[in-house]
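A.B. asks: Pasting a structure here, questions to come.
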Amino acid sequence: MKKKITIFKVLIAVILVFSALLCFYPLWYTLIVSFSSNAAVSAGKVWLLPSGFHLGSYKKLLADNRFFVSFGISVIRTVLGCSLNMLLLVLTAYPLSLPQNRFRCGKLYTWFFIANMLFSGGLIPAYMVVRNLKLLDSLWSLVLPGALPIYNMILLINFFRNVPYELNEAATIDGAGPLQILFRVYIPVSLPSLACLLLFAFVGHWNSYFDGLLYINDLNKQPLQTYIYQISAVLNPQTMTPEQLREASKLSDLTLNSAKVIIAMLPILALYPFLQKYFVTGMTLGSVKG
């Protein structure tokens, strides 16, 4: 039986398509600006397609070997940081999600973590702690201070509490220990939630630049976002050759910054399709029968 197409459904479809275009256009505009010339951008000729196609912004970013070094550091930092985040989140959220009779100090530890989230020591004490631990100019200074995201921990605790406790009791009767219950029962039925938190951790580590400015003084050890942040479009004409001046005239702050944004978002765009399927999967579908 064919569904009847009504004016209301057509109107909803038009609104949704228009909303999707509104969300997509800023990304598209950033992309075409990064490929456009300075003159076309300044004249306001760039709307739907690149004008005065030019790769100078990308050449400027890729010419320096520091770009590839910083990119590799960001990859290592993201992999290490996400692995540590997810491990600590799972190991912390599981016992805190148990009933009071199974873990009597659960509320005390929960409020301890919440207090640390609400009342921060501040930027200077955090820097002094990292410095006194001899972590400056180390990759660990970018990973350890945020190793346990408290907000994400609270989200995972609430999700674990929604997992039917009958699964835990059944596994206990079968002789499973706490770690076996966690890794063989809770984690398999929690993949959508864990995928979401993994995406949060990935975006947080990949887009972070301020901690690199704060803790990393060696330019060869800075992550990609810190490197991109420090790139300046301010050029000195007195020290440039005529050819460099011609190339520089085709660049602008807007085109260069657009190229930065495009390069920075590529890993996130590449990762998201692989995690998207978990967002549309039933949270505990099939975990309990009867």
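A.B. asks: Rounded to the nearest whole Å², what accessible area per residue is found for the chain with the 1.4 Å probe? Spell out each step's value before the answer.
C.D. replies: Values: 18070 Å² over 290 residues.
Heavy-atom accessible area per residue stands at 62 Å².
A.B. asks: Right, next: Report the charge-dipole magnitude of the chain in Debye, nearest 20, computed about the Cα centre from +1 at each Lys and Arg Cβ and -1 at each Asp and Glu Cβ. Each step should come with its number before you reach the end.
C.D. replies: Values: 22 positive and 10 negative charges, 157 e Å.
Charge dipole of the chain: 760 debye, to the nearest 20.
A.B. asks: Quick one: which of Lys221/Lys260; Lys45/Lys221; Lys134/Lys260 span more than 30 angstrom between C-alpha atoms?
C.D. replies: Working: Lys221/Lys260 19 Å; Lys45/Lys221 39 Å; Lys134/Lys260 32 Å.
Beyond 30 Å: Lys45/Lys221; Lys134/Lys260.
A.B. asks: Out of Gly212, Gly121, Gly106, any idea which swings most in a Gaussian network model of the chain, alpha carbons joined below 10 Å?
C.D. replies: Largest GNM mean-square fluctuation: Gly121.
A.B. asks: How far apart, in nm, are the 7 Å Cα→Cβ label points at Tyr165 and Phe24?
C.D. replies: Rounded to a tenth, the inter-label distance reads 4.8 nm.
A.B. asks: Among Ala170, Ala20, Ala264, determine the one that fluctuates most according to a GNM of the chain built with springs between C-alpha atoms less than 10 Å apart.
C.D. replies: Ala20
A.B. asks: Tell me, how many Å apart are the Cα centres for segment 152-219 and for segment 73-91?
C.D. replies: 11 Å
A.B. asks: Let me ask something else about it. Compute a Gaussian network model of the chain, connecting alpha carbons closer than 10 Å, and tell me which residue from Leu98, Leu271, Leu118 fluctuates the most.
C.D. replies: The residue that fluctuates most here is Leu118.
A.B. asks: For the chain, which whole percent of the accessible surface, found with a 1.4 angstrom probe, sits on carbon and sulfur atoms?
C.D. replies: Values: 12380 of 18070 Å².
Ligands and nucleic acids excluded, carbon and sulfur reach 69 percent.
A.B. asks: Relative to the longest principal axis of the chain, what angle (0 to 90°, nearest 10) does the C-alpha long axis of helix 123-132 take?
C.D. replies: 80 degrees
A.B. asks: Once Lys and Arg get +1 and Asp and Glu get -1 on their Cβ, which of Thr226, Leu199, Ile173 lies farthest toward the positive end of the dipole of the chain?
C.D. replies: Checking the options against the dipole of the chain, the answer is Ile173.
A.B. asks: Under a point-charge model restricted to the Cβ atoms of Lys and Arg (+1) and Asp and Glu (-1), what is the dipole moment magnitude of segment 88-216 relative to its Cα centre, in debye to the nearest 20? Could the numbers behind the result be given before it?
C.D. replies: Working: 7 positive and 5 negative charges, 54 e Å.
Approximately 260 debye in magnitude.
A.B. asks: In whole Hz, with x marking every Gly and Pro, tabulate ³J(HN,Hα) for segment 75-86 from phi via Karplus 6.51 cos²θ - 1.76 cosθ + 1.60, θ = phi - 60°.
C.D. replies: Whole-Hz 3J(HN,Hα) from phi for segment 75-86: 5, 5, 4, 5, 5, 5, x, 5, 4, 5, 4, 5.
A.B. asks: Which trypsin sites (Lys or Arg not before Pro) in segment 27-124 pass both tests, a DSSP loop state and at most 11 other beta-carbon atoms within 10 Å?
C.D. replies: Details: sites: Lys45, Lys59, Lys60, Arg66, Arg77, Arg102, Arg104, Lys107; in loops: Lys45, Arg102, Arg104.
Counting only loop positions with at most 11 other Cβ atoms within 10 Å, the trypsin sites (Lys or Arg not before Pro) in segment 27-124 are Arg104.
The values are calculated or read from the model by the stated rules, or taken from the named source; none is laboratory data. The structure displayed is predicted, hence computed values, not measured ones. Here Cβ is always computed from backbone atoms with ideal geometry, including for glycine, and neighbour counts include all displayed protein chains. Protein only, heavy atoms only, side chains kept; ligands, DNA and RNA dropped before computing areas. Shrake-Rupley method; radii C 1.70, N 1.55, O 1.52, S 1.80 Å.
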